[in-house]
Structures are given as structure tokens and as C-alpha cells.
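The values are calculated or read from the model by the stated rules, or taken from the named source; none is laboratory data. On a predicted model such as this, the values are computed, not experimentally measured, just so you know. Methodologically, a virtual Cβ is constructed for each residue, glycine included, from the backbone with ideal geometry; neighbour enumeration extends over all protein chains shown. In case anyone asks, the SASA skips ligands and DNA or RNA and just uses the protein heavy atoms, side chains included. Shrake-Rupley method; radii C 1.70, N 1.55, O 1.52, S 1.80 Å.
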Amino acid sequence: MDTADFTLDRYFARIGFAPPPRFDAAALAAMMRAQLFAVPFENLDVRAGREISLEPAAIVAKILDRRRGGYCYEVNGLFAMALTALGIPWRFVAARPMFYPARRPRTHMALIVEIDGVSWLCDLGFGSFGPRAPMRLDDLDRTVEVDGERFRLRRETDGVFVFSALADGAWADQYGFDLSPQEWIDFLPANYLNSHHPEAIFVRMDVVVGFHARGRTVLAGDTLKHIVDGVTATTPVAPEDRARILEAEFGLLA
């Protein structure tokens, strides 16, 4: 992975993170949290008809230089660049979204990170119900609570790990994955599907998510949701207000 345009100093400045002297599991969680809060999940380039590049240099230019966000390939790809620069072992995995009524292909990118002999699921690009902290792969069937939200990992008999979240008061499987390592190029078809297929949610509507310590702010189509301490306030968004809301709520210039 050519990350010549990436530097840790620029990355840490973008996410507001001061690394500790030793990069351990706690530092991994802190860095993930800092990026999650600083870099929104968003599909505005898809909606504008722009191509989504999986070239590391293009991701660096978009998120670090232009201070934009991105969807899973971009934000998880940026996190992977930081791990590489820190000398932390990691791999991409391909995950199958599971909250749709019909079976879907493995279009989601996540990361498995190795710290002090322990494997962790890290994912900064699943939108509303993605994990807020690294999840240990050897700590299964236990509820993990972060910022008032609850998550679980389990492993099926076929070896597939399933990530679940307590969503709207009920446990819901979000995605499943195995540990087969993937490369950037393996996600090119999924990226094309998510950014071009007329039935893809990212093609059909704006999807922007900003995380904070007490919840998250979500723009989905023409609806803005403020979720704070488990309470949701919903506001309709008129087309003429879209640009103002993107800047005011997410710090984004479309």
C-alpha cells in the first residue's frame, strides 16, 4: 500500500489525537474514537456523481487536505494507513451486511488489528450502528457498552464472526465476516456497486453520520436526527437548507 502522501503528524492533527509513548490496546481505542468523532461517515461524492477512489493518495487528499469524510473504504482505509505508519499489524476483512431483508454480498470493509497478541475488530465506517470501540475477537457472546450503546460479537459454527448492536431496543445482526485477508483491489467491485447501482442506499439518498460522546447526528435523505443519551429528535430538511445543515452539523462543504 503506497501511503507516501500520508504522515502521522497530519493525521493526528486532523483527528485531534496525541499519541501516548506506547501504542497498546488503550491507545488503539483512543485513536479509533478520535477519528470516529472527527471524521464523519458520508456519501456526498456518490450523490454528486463523483467517482470514489480507493487510491490511498486520493483518500488522504479528501479527508486530510479537504477535511471531508467518507464511507467504509475511505475512513477504514485512512485508519489502516495510520496503523501501517505506527507499525501495527492489521488486515482488511470483507463483511456481509445482515440487516437487509435479503442476503447481500460482502460489500463492507472492516479491519482486524493485532495488539500484544490479541486480535481486535476495528470499524469506523458502518454508519449508525457500527462499533464505537475495538471489539476483541476472543471475547465473544458478551455485551460491550460504549457511550450508552451496546454491542456483541459471536462466532457461528461455520467460523463466521457476527457483529450485533442493540438497535431501537432490540438486538440486530449488523454484519458477518471471516478472517480471510483482503486487499484494496478486492473492494473495487463492492465500491462500484455501492456508488453506482440505482438500488444502493448511497446512490438513492444522502447518508451522513457524525458521532459524539453522547450519541450521534444523522442525516438520512430529507431527515435530520439528533440522538443524545438514547433520545431521538427528528427534524425535516428542506432542499434549500441542505448545504447549511451539512456545514453546521457535520462541518462539511459538499
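For the stretch 8-17, backbone phi angles converted through the Karplus equation (6.51, -1.76, 1.60; θ = phi - 60°) give residue-by-residue couplings of 5, 4, 5, 5, 4, 5, 5, 9, x, 10 Hz, Gly and Pro being listed as x.
Among rounded, prolate and oblate, which fits the stretch 156-215 when a ≥ b ≥ c are the square roots of the eigenvalues of its C-alpha gyration tensor, a/c under 1.5 means rounded, and a/b larger than b/c means prolate? The shape class here is oblate. Charge dipole of the stretch 23-182 (Cα centre as origin; +1 on each Lys and Arg Cβ, -1 on each Asp and Glu Cβ, all else neutral): 400 debye, rounded to the nearest 20. When the P(r) is computed for the stretch 126-254, the part past 20 Å accounts for 57% of the Cα-Cα pairs. Ordering ILE63, LEU137, ILE201 by Cα displacement along the dipole of the chain toward the positive end leaves ILE201 in first place; charges were set at the Cβ atoms of Lys, Arg (+1) and Asp, Glu (-1). Average accessible surface for the chain: 47 Å² per residue, computed with a 1.4 Å probe over protein heavy atoms with every protein chain in place.
Here the Karplus curve 6.51 cos²θ - 1.76 cosθ + 1.60, taken at θ = phi - 60°, turns the phi angles of the stretch 126-136 into couplings of 10, x, 4, 10, x, x, 9, 8, x, 10, 5 Hz, with x standing for Gly and Pro.
For the stretch 108-173, the normalised intensity computed at q = 0.20 Å⁻¹ comes to -0.81 (log10 of I(q)/I(0), Debye sum over alpha carbons, equal scatterers, no solvent).
The residue list PRO181, PRO21, PRO97 was ranked by how far each Cα lies along the charge dipole of the chain toward its positive end, using unit charges on Cβ atoms, and PRO97 comes out on top.
Taking the centroid of alpha carbons for each part, the stretch 180-211 and the stretch 4-74 are 17 Å apart.
Rolled with a 1.4 Å probe across the full set of protein chains, the surface gives LEU86 an accessible area near 60 Å².
Under 5 Å between amide hydrogens, built in the peptide plane, is the criterion, and for LEU252 it picks out GLU247 among residues at least 5 positions away or on other chains. Working value for the stretch 1-125: equivalent-ellipsoid semi-axes of 23, 19, 13 Å, each the square root of 5 times a Cα gyration tensor eigenvalue, largest first.
For the chain, the Kirkwood radius over C-alpha pairs fed into Stokes-Einstein at 37 °C and 0.692 mPa s yields D = 177 µm² per second.
Summing charges over neighbours of PHE161, with a neighbour being any other residue whose Cβ is under 12 Å away from its Cβ, gives -3 when K and R count +1 and D and E count -1.
Among the trypsin sites (Lys or Arg not before Pro) within the stretch 26-61, those in coil by DSSP and having at most 15 neighbouring Cβ atoms inside 10 Å are ARG50.
When a 1.4 Å probe is rolled over the protein heavy atoms, the share of accessible surface on the stretch 69-138 that falls to carbon and sulfur comes to 53 percent.
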